[in-house]
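Chemist: Below: one structure in structure tokens.
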Amino acid sequence: MAKAKRKFVCQQCGTVSGRWQGQCDDCGEWNSIVEEAAETVFSARHDLHSGGRAISLIGLDSAVELPPRTGTGIAEFDRALGGGIVAGSATLIGGDPGIGKSTLLLQAAALIATTGRQVVYISGEEAADQVRLRARRLGLGTAPVRLASATSVRDILTTLGEGSPPDLLIIDSIQTMHSDLIEGAPGTVSQVRAAAQELIRFAKQRGTALIMVGHVTKDGSIAGPRVLEHMVDTVLAFEGERSHQYRILRAIKNRFGGTDEIGVFAMVAEGLEEVANPSALFLTHRDDSITGATVFPALEGTRPVLVEIQALVVRLSSGATPRRAVVGWDSGRLAMILAVLEARCGLSFSTAEVYLNVAGGYRLSDPAADLAVAAALVSALSERPVPADVVLFGEVALSGEVRPVAHAPLRLRESGKLGFTRAFIPASAADGVKGIAVSGYRTLAQLVDQMLGRG
């Protein structure tokens with residue numbers, strides 16, 4: 001018998017190598033390579049052109065019905081999913097420890113079970129009594145959810161196969177599941193892949209909606225092999241700072257809907273509470289004008305969210321190297337805005353420390369925030385406040401041009417609903433909406449001149 005080849009697998013990216021090394025060549029992680037038992041490989045010695053089962057081919061113009069969806073009873077959860085849970089779908093949800101993944105799924109499971117559907121909750125990290133105590137604390141102790149604590153995929157599928165398949169199966173978490181077909185400890189790349197494959201196969205064959213909880217790495221990405229995200233239909237990320245009240249459920253991948261929708265929740269004593277107006281979380285009391293503060297209407301899918309951007313500029317009298325600190329925005333983009341303000345607008349930040357913060361712990365990735373950030377920096381430097389009834393958005397180019405952004409009318413309408421009456425936006429998108437006085441700018445220098453009162 002041929003000697004089994006040794007296999008070393010990176011636990012972060014799944015790269016396979018024939019020898020151990022301290023650093024993975026692909027992802028660059030240290031001490032992430034672990035030896036695993038080699039998988040049995042079937043070597044086909046026959047011609048694959050015959051002996052198989054003929055498959056049916058259909059055209060793109062064939063009639064197809066939209067998959068029916070089941071509402072979870074939590075509108076923000078349904079929004080992130082694209083309208084609800086699809087039967088036979090596989091969903092992966094990840095987030096930092098203690099962010100509220102298990103709480104959210106337990107609330108959704110209880111609400112679905114009260115509608116008469118069968119829901120099974122399998123916990124591999126907690127005992128069944130621990131989950132029951134959490135359910136009582138959330139006021140869900142009487143919900144007809146079938147609960148078990150198990151880690152063996154074979155035991156789980158055997159149990160579920162005895163009766164009618166459940167409408168919803170929750171696995172918390174996939175890193176704790178173990179398949180006896182593969183050697184290795186739970187959580188390794190091969191175990192996570194094998195366990196997820198068997199659970200997804202059961203869901204597809206029996207029409208059960210499957211939701212799996214996944215751990216995350218220190219940089220916030222879902223742990224385990226990237227192939228796990230390709231195997232599922234939907235990938236959700238549960239984001240937020242544990243020190244802040246709010247939580248954001250964001251769709252990263254969705255085969256049955258868009259990937260630009262978010263659900264906003266607030267953590268309260270009774271669990272996770274939906275936030276119908278998320279702008280109220282990220283806007284502070286603005287009766288008095290404050291220097292270095294601007295309001296930006298961010299867009300998350302079809303939902304505008306107004307956030308406050310805060311800037312602080314501190315002049316240094318010594319020759320110390322000035323510091324740049326950013327919370328909630330890209331530090332590289334801040335450096336670009338500072339460079340444009342110096343090169344195109346005649347402002348100097350070289351001898352000043354710059355601090356930028358997005359209020360409420362919100363994280364911005366929208367390039368339309370450039371104009372609001374630039375205005376906050378100019379306001380902090382000149383100690384001249386931006387009027388409290390103004391919102392700003394627009395992308396700033398390296399030439400100093402203010403470029404248009406998507407969905408300007410939607411941003412303006414949401415701003416008008418919250419009492420804002422003026423908007424500083426790109427000149428090419430200055431059509432405006434009813435109730436909002438729009439001021440358009442072609443270059444950033446025009447806005448800076450207006451703020452500083454320069455002719």
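The values are calculated or read from the model by the stated rules, or taken from the named source; none is laboratory data. Because the structure is a prediction, the values reported are computed rather than measured. Here the Cβ positions follow ideal geometry from the backbone for every residue, glycine too, while neighbour counts run over all protein chains shown. For the accessible areas, the whole protein counts, side chains as well, though only heavy atoms, and no ligand, DNA or RNA atoms are used. Shrake-Rupley method; radii C 1.70, N 1.55, O 1.52, S 1.80 Å.
Chemist: Pop out the ³J(HN,Hα) list for the stretch 379-384 in order, Karplus 6.51 cos²θ - 1.76 cosθ + 1.60 with θ = phi - 60°, rounded to Hz; leave Gly and Pro as x.
Modeler: The phi angles translate into 5, 5, 5, 8, 6, 10 Hz.
Chemist: Where does the charge balance sit around R137 when Lys and Arg score +1, Asp and Glu -1, over other residues with C-beta under 14 Å from its C-beta? Intermediate values should be presented prior to the final figure.
Modeler: Numbers: positive: R132, R134, R136; negative: E126, D129, E270.
Net charge in that neighbourhood comes out at 0.
Chemist: Quick one: give the max-minus-min coordinate of the C-alpha atoms of the chain along each principal axis, largest first, in Å.
Modeler: 85, 53, 51
Chemist: Could you work out the relative contact order of the stretch 128-227? I mean the mean sequence separation of Cα pairs under 8 Å and 6+ apart, divided by the number of residues, in percent.
Modeler: Answer for the stretch 128-227 is 25 percent.
Chemist: Moving to a separate point now. With all protein chains present and a 1.4 Å probe, how do K204, K417, K101, K253 order by accessible area, largest first? All intermediate terms of the calculation are to be shown ahead of the outcome.
Modeler: Details: K204 100, K417 160, K101 25, K253 45 Å².
Greatest to least solvent exposure: K417, K204, K253, K101.
Chemist: Determine how large the accessible area of E261 is when every protein chain is in place; take a 1.4 Å probe and give Å² rounded to the nearest 10.
Modeler: Answer for E261: close to 30 Å² accessible.
Chemist: A follow-up question, please. Ordering E198, E65 from largest to smallest accessible area (1.4 angstrom probe), what's the sequence? Walk me through the numbers on the way to the answer.
Modeler: Values: E198 50, E65 165 Å².
Correct descending sequence by accessible area is E65, E198.
Chemist: Under 12 Å from the Cα of K253, which aspartates and glutamates turn up, not counting those fewer than eight places away in the same chain?
Modeler: E229, D233, E261
Chemist: With every protein chain left in place and a probe of 1.4 Å, what is the accessible surface of C27, to the nearest 10 Å²?
Modeler: That residue has around 60 Å² of solvent-accessible surface.
Chemist: Moving to a separate point now. Quick one: how many Å² of E229 are accessible to a 1.4 Å probe, rounded to 10?
Modeler: E229 exposes around 30 Å² with every protein chain in place.
Chemist: For the chain, what does the helix formula give at 222 nm: sum of -39500 (n - 2.57) over DSSP H segments with n ≥ 4, over the residue count, nearest 500 deg cm²/dmol? Each step should come with its number before you reach the end.
Modeler: Working: 11 runs with 112 residues, N = 455.
Helix-only estimate at 222 nm: -7500 deg cm²/dmol.
Chemist: Can you classify the stretch 63-182 as rounded, prolate or oblate using the Cα gyration tensor, where a ≥ b ≥ c are the square roots of its eigenvalues, rounded means a/c under 1.5, and otherwise it's prolate if a/b beats b/c and oblate if not? Working shown, then result.
Modeler: On the way: a/c = 1.43, a/b = 1.13, b/c = 1.26.
The shape class here is rounded.
Chemist: Among the Cys residues of the chain, which have no other cysteine Cβ under 4.7 angstrom away?
Modeler: For the chain, the answer is C345, because their Cβ atoms have no other cysteine Cβ under 4.7 Å.
Chemist: Got a sec? What order do T142, T159, T421 fall in by accessible area at 1.4 Å, biggest, i.e. largest, first? Spell out each step's value before the answer.
Modeler: Working: T142 135, T159 90, T421 60 Å².
The ordering from most to least exposed comes out as T142, T159, T421.
Chemist: Whose amide H sits under 5 Å from the amide H of V307, counting only residues 5 or more places off or on another chain, with H placed in the peptide plane?
Modeler: Answer set, sorted by chain and number: F296, A298.
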